[in-house]
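A.B. asks: The following block contains the structure, expressed as structure tokens.
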Amino acid sequence: MTMSIPFRPAVLSVLTAATVVALGCTFAPGQAHAAGAAGMQDGSRAAQASERARELRESRSDREDRGSKRGKAKAADERFPNATRESPDGKAGSKGAKLLNKMQKEVEAEKWQDALTTAEGITDDLNAYEKGFGYLFAAGAASRLDRLDLAETYFAKAVETNGLANNDHYQAMLNLAVVQNQQDKKQEAFATIDRFLKETRSEDREHLNFRAAMLIELDRNAEAAAEYDALLAKFPEDKSIFTNTLALNYQLGNTDRVMALLKHARERNMLTEPAEYRNMYRPLIQEGKLTEALELIDEAVAKGIIVPDENLAVDYQTVAESAYFDKNDVDMAIRYYQRAEEMSSKGQVSLNLATLLYNDGRLAEAKKAAQRALDKGVPKPEEARRILNAK
């Protein structure tokens, strides 16, 4: 069985700096450090007293209602709600806020090198939250400068500080896997995405697809095929997952599974490439299941997926040969040789048709086909002349 399936595993792309900027906008200076807040406390005592009086006047149910709404809003914003890690509630103090504000402005202005220079001021006296966000800004700047090795370093540090909220912590981990893969650090990338999925328990198709694709990169095709089978069961309409599942099972020689997958795709109108249809109907021709094969050919031609050309001529010629040698159906063989000849520039196809017509006693038609064979050119023109000279 001859099959040629395009096989390009889908892998996530690295974050742009714009995305990192969005992450940086979430840092909240002030509340975690008394030294940074002391100057504001004296100037706001009256406001604080008024706020406390208002709160005392509120009913408990009002406060509970607001608290419930805040909790629901926070849950709605959580991108990894099933994560095993408890998300910390970090804040930035005055020193850290100053550095992060500076880096944020540099990133927004696309001053990537300036942001990397500022990142050198991320020192041990900053808290984990402050360091984590600084490293995120630096990783984004490095990636925009195509310094993937440095981006990897900073994404790793952002994860290692363990001070970021889950959304930012796990996005940094995901980006770390991506830049590792882009540097051909396949083992490291797989270990990182594997950790990411175990900790987040994410069911996102792109995350799951990433891990399965890394198994392919590591030549662990049997494991990858099993993962892609599971992915296709979860996301039966996803064409990229289908394509990778099909390719892997073909490479592993799982012929029955390949045919089942093609049937699955056909039922969902997912077959859009000539190779996909040919991978489905050519084995049927070889098995002598001509009715089923021709149904698929006609369907692909009607949809415009397969067009009349030399490839289709080969398919029709194969049908004709199967009809003649396996089914002893001369009429069908002639009919499909005629279809093949209509779209073929090869004289041999015309000569084969001429021979069939001659053997079937249809001399006038045979001579016309023999002449067309000579006009197109054949390796053995004497055979065509023999038919032309026949009485």
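A.B. asks: Taking the Cα centre of the stretch 221-269 as origin, sum charge times position over the Cβ atoms of Lys and Arg (+1) and Asp and Glu (-1), and report the length of that vector in debye to the nearest 20.
C.D. replies: Dipole magnitude for the stretch 221-269 comes out near 200 debye.
A.B. asks: Take LEU174, LEU145, LEU99 and order them by how many other Cβ atoms sit within 10 Å, fewest up front.
C.D. replies: By the 10 Å Cβ count, ascending: LEU145, LEU99, LEU174.
A.B. asks: List the lysines whose Cα sits under 21 Å from the Cα of LYS367, skipping any in the same chain fewer than 8 residues away.
C.D. replies: Within reach: LYS346, LYS376, LYS380, LYS391.
A.B. asks: A further question on this structure: Please arrange ASP315, ASP184, ASP194 by counting, for each residue, the other beta carbons lying within 10 Å of its beta carbon, fewest first.
C.D. replies: Placing the least packed residue first, the sequence is ASP184, ASP194, ASP315.
A.B. asks: Calculate the translational D of the stretch 161-241 in whole µm² s⁻¹ from Stokes-Einstein, where the hydrodynamic radius comes from the Kirkwood formula applied to all Cα pairs, the temperature is 10 °C and the viscosity 1.306 mPa s.
C.D. replies: So the translational diffusion coefficient is about 121 µm²/s.
A.B. asks: What is the gain in length, in nm to one decimal, between ASP309 and ALA230 on full extension, counting 0.36 nm per residue of separation less the C-alpha to C-alpha distance?
C.D. replies: Extra length available between ASP309 and ALA230 comes to 24.7 nm.
A.B. asks: A further question follows. In what order do LEU357, LEU296 fall by count of nearby beta-carbon atoms within 10 Å, going from fewest to most? Intermediate values should be presented prior to the final figure.
C.D. replies: Numbers: LEU357 23, LEU296 20.
Lowest count first: LEU296, LEU357.
A.B. asks: Just how many % of Cα pairs in the stretch 221-269 lie over 19 Å apart, if you round to the nearest whole percent? All intermediate terms of the calculation are to be shown ahead of the outcome.
C.D. replies: On the way: 139 of 1176 pairs.
When every Cα pair of the stretch 221-269 is considered, 12 percent fall beyond 19 Å.
A.B. asks: Please get the size of the charge dipole for the stretch 131-232, origin at its Cα centre, with Cβ charges of +1 on Lys and Arg and -1 on Asp and Glu, quoted in debye to the nearest 20.
C.D. replies: For this selection, approximately 340 debye.
A.B. asks: Quick one: the Cα spread of the stretch 100-185 along its three principal axes, in angstroms, biggest first?
C.D. replies: Per principal axis, max minus min of the Cα coordinates gives 33, 26, 20 Å.
A.B. asks: Turning to a different aspect of this structure: For an R0 of 22 angstrom, estimate the FRET efficiency from the Cβ-Cβ distance between ASP124 and ASN101 and round to the nearest 0.05. Let's see the in-between values first.
C.D. replies: On the way: r = 20 Å, r/R0 = 0.92.
My answer for the efficiency is 0.60.
A.B. asks: Beyond 29 Å between alpha-carbons counts as too far, so tell me which of LYS239/LYS327; LYS157/LYS198; LYS111/LYS157; LYS105/LYS239; LYS98/LYS185 fall in that bin.
C.D. replies: Numbers: LYS239/LYS327 37 Å; LYS157/LYS198 20 Å; LYS111/LYS157 21 Å; LYS105/LYS239 41 Å; LYS98/LYS185 35 Å.
Flagged as over cut-off: LYS239/LYS327; LYS105/LYS239; LYS98/LYS185.
A.B. asks: Between the stretch 197-227 and the stretch 334-391, what is the C-alpha centre distance in whole Å?
C.D. replies: About 55 Å separates the Cα centre of the stretch 197-227 from the one of the stretch 334-391.
A.B. asks: In the P(r) worked out for the stretch 352-391, what percent of Cα pairs fall beyond 17 Å?
C.D. replies: Roughly 13 percent, rounded to a whole number.
A.B. asks: What spacing in nm lies between the two simple spin-label points modelled at LYS289 and ASP77, each 7 Å away from Cα in the Cβ direction?
C.D. replies: About 5.6 nm separates the two model spin labels.
A.B. asks: Please report the equivalent ellipsoid semi-axes of the stretch 292-365, computed as sqrt(5 x eigenvalue) of the Cα gyration tensor, largest first, in whole Å. Walk me through the intermediate numbers first.
C.D. replies: Numbers: eigenvalues 97, 42, 15 Å².
One finds semi-axes of 22, 14, 9 Å for the stretch 292-365.
A.B. asks: Calculate, in nm to one decimal, what VAL330 and ASP298 gain on full extension: separation in residues at 0.36 nm each, minus their alpha carbon distance.
C.D. replies: Additional length available on full extension: 9.4 nm.
Computed from the coordinates by the stated procedures, all read-outs in this text should not be read as laboratory data. Everything quoted here is computed from the prediction, not taken from an experiment. Note that each Cβ is placed from the backbone with ideal geometry, even for glycine, and that neighbours are counted across all protein chains shown.
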